[in-house]
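> First, the structure itself, so that you have it in front of you.
The values are calculated or read from the model by the stated rules, or taken from the named source; none is laboratory data. Just so it is clear, the structure is predicted and the values come from calculations on it, not from any experiment. With ideal geometry, Cβ positions are generated from the backbone for all residues, glycine too; neighbour counts draw on all protein chains shown.
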Amino acid sequence: MQLLTAALVESVEAALNLLLKTRPMLGERLQNLSGKTLRIVLLPQNWTLLIRLHAEGIELSQDSDFDADVTLKGELGVLIKLITEPRSVLFGQGAKIDGDAALLQRIQKAMREPGLDWELWLSEQLGDLPTSALTQAFAPLATSLQEGRGSLERNLKSYLQEELEALPPRAEYELWTDQISKARIQAEQLERRIAKLCKAK
Amino acid sequence: MSDDNKTTHFGYTEVPVEEKVKRVADVFHSVAAKYDVMNDLMSGGVHRLWKRITIESSGARAGNSILDIAGGTGDLTKKFSRIVGPTGKVVLADINASMLNVGRDKLINSGVSGNVEYCQANAECLPFAENTFDIITIAFGLRNVTDKDAAIRSMLRVLKPGGKLMILEFSKTDNPLLTKAYDFYSFNILPKMGQVIANDAESYRYLAESIRMHPDQETLKGMMDEAGFVNTRYRNMTGGVVALHTGIKP
């Protein structure tokens, strides 16, 4: 398993560095951040990936103990949104940021590359057929994640709304609790009387 | 190594101790230029993953001093250099000048410089002061060392207290089927690949034989314990084809 994960990380690292070579401006912007480290923690699995920026490109690592400059923690859907939507803001998206948040903004800014078509880039690396298969395989995943998140939010809202309607007002609730208390006291008094009568017999 | 007549093994052949050093040197002089290509072909690129796991398990941090023994063409040194940064230091050491030259050229060409030093050194008597390094790695090198016990003691000496030794080396597979396939590959396919790619079948036959003569996981762990390392352990990779041994200097 560890070897498979290492293979995946190695492949992604190689592909990213290849991309940087074909995008000199992107490479140059990242070069300014050389020596900085970003950790991504995927929830709920707690899968962690350390991204180290250096003068020649990007290095990925699974070293989970390294103290990164900034840590971005969140669910896949949230992180996908942060990465794929260039206008997305870092805060208030459900992602937790620990460390140098300004650095994260600098990295996000540096990674924005106008006109970068990921599918086209992938097809250049892998060929059209594997790329098409990959994008088709992952597109429903990304869509279903986003749809799932949206539907969860909608369901929660409507559930709360319906439940609120079914709940009694505070005055009605207080009157009901008073009646319950009185009934309990009366029951206790009745219990005591019955006990007295039983003794008298 | 036999004590009485001072011989040792060179692959499956028993040779005088002094001759092994020369013969191993000849092998690596011969394969140096095509070492990386052959490693990729021989392992299907998996050696990169074994090395990646080694680096990730090293716990290397900025400012550390690291010694990469038998560092060859500098795969580990390159990555360590980025981790330790400008405040740290990586020493790429190899007994073989040809390998060291190929490694140095490769690292300089890929922009790695400033915190890397190069040293032609014999692992049995490392030319460094005591307590110098935070981490020592030796990847696919220990099996070529004539006196492995002396090498492990020498590494212990130059490590700082609390420092970590990491030995990445071919080892013994624990699955009989895998062992059969591995043997067939090593003794039939590997030398032929060596012949075609590097025009040198003999060197690659030696590599296969030297792997079989190398101590198994438990024996090597015992050697590390004997030398004085603590918390020694090993982790098998690819069914034991390769094992990563680690030990801490007390």
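> Could you give every pair whose Cβ atoms fall below 8 Å, whose first residue belongs to the stretch B:129-151 and is crowded, with 21+ Cβ neighbours inside 10 Å, and whose second residue is among the basic types (Lys, Arg) and at pLDDT 95 or above, counting only separations of at least 6 or pairs across chains?
B:133/B:160; B:134/B:160; B:134/B:164; B:135/B:164; B:136/B:164
> Can you find a residue that is within 14 Å of chain B (Cβ to nearest Cβ), closer than 29 Å to residue B:48 by Cβ, at pLDDT 80 or above and in contact with a Phe, Trp or Tyr (Cβ under 7 Å, 6 or more places away or on another chain) anywhere in the stretch A:6-17?
No, every residue in the stretch A:6-17 fails to be within 14 Å of chain B (Cβ to nearest Cβ), closer than 29 Å to residue B:48 by Cβ, at pLDDT 80 or above and in contact with a Phe, Trp or Tyr (Cβ under 7 Å, 6 or more places away or on another chain).
> Now, a different point. Of the numbered conditions (1) part of a loop (DSSP other than H, G, I, E, B); (2) away from every other protein chain (no Cβ under 14 Å), residue B:117 fails exactly one; give the number of that condition.
Unmet condition: (1).
> To continue, here is another question. Exactly one condition in (1) surrounded by 13 or more Cβ atoms within 10 Å (Cβ to Cβ); (2) out of contact with any Pro (no Cβ under 9 Å at 6 or more places or on another chain); (3) within 19 Å of residue B:84 (Cα to Cα); (4) within 14 Å of another protein chain (Cβ to nearest Cβ) is not met by residue A:48; state its number.
It is condition (3) that residue A:48 fails.
> Name every residue in the stretch A:26-38 that is within 14 Å of another protein chain (Cβ to nearest Cβ) and crowded, with 20+ Cβ neighbours inside 10 Å, in order of residue number.
A:30, A:37
> When residue A:65 is evaluated against the numbered criteria (1) loosely packed, with under 15 Cβ neighbours inside 10 Å; (2) within 14 Å of chain B (Cβ to nearest Cβ); (3) within 20 Å of residue A:102 (Cβ to Cβ), which criterion, by number, is the only one it fails?
With respect to (1) loosely packed, with under 15 Cβ neighbours inside 10 Å; (2) within 14 Å of chain B (Cβ to nearest Cβ); (3) within 20 Å of residue A:102 (Cβ to Cβ), residue A:65 is out only on (3).
> Follow-up. Here is a list of conditions, (1) surrounded by fewer than 18 Cβ atoms within 10 Å (Cβ to Cβ); (2) assigned to a strand (DSSP E or B), and residue A:41 meets all of them except one; can you say which number that is?
That leaves (1) as the condition not met.
> Now, a different point. So, in the stretch B:94-122, how many residues would count as being touching an Asp or Glu at 6+ places or on another chain (Cβ under 9 Å) and small (Gly, Ala, Ser)?
4
> Here's a check for you: in the stretch B:31-85, which residue that is acidic (Asp, Glu) and surrounded by 20 or more Cβ atoms within 10 Å (Cβ to Cβ) is modelled with the highest pLDDT?
Of everything passing the filter in the stretch B:31-85, B:68 is modelled with the highest pLDDT.
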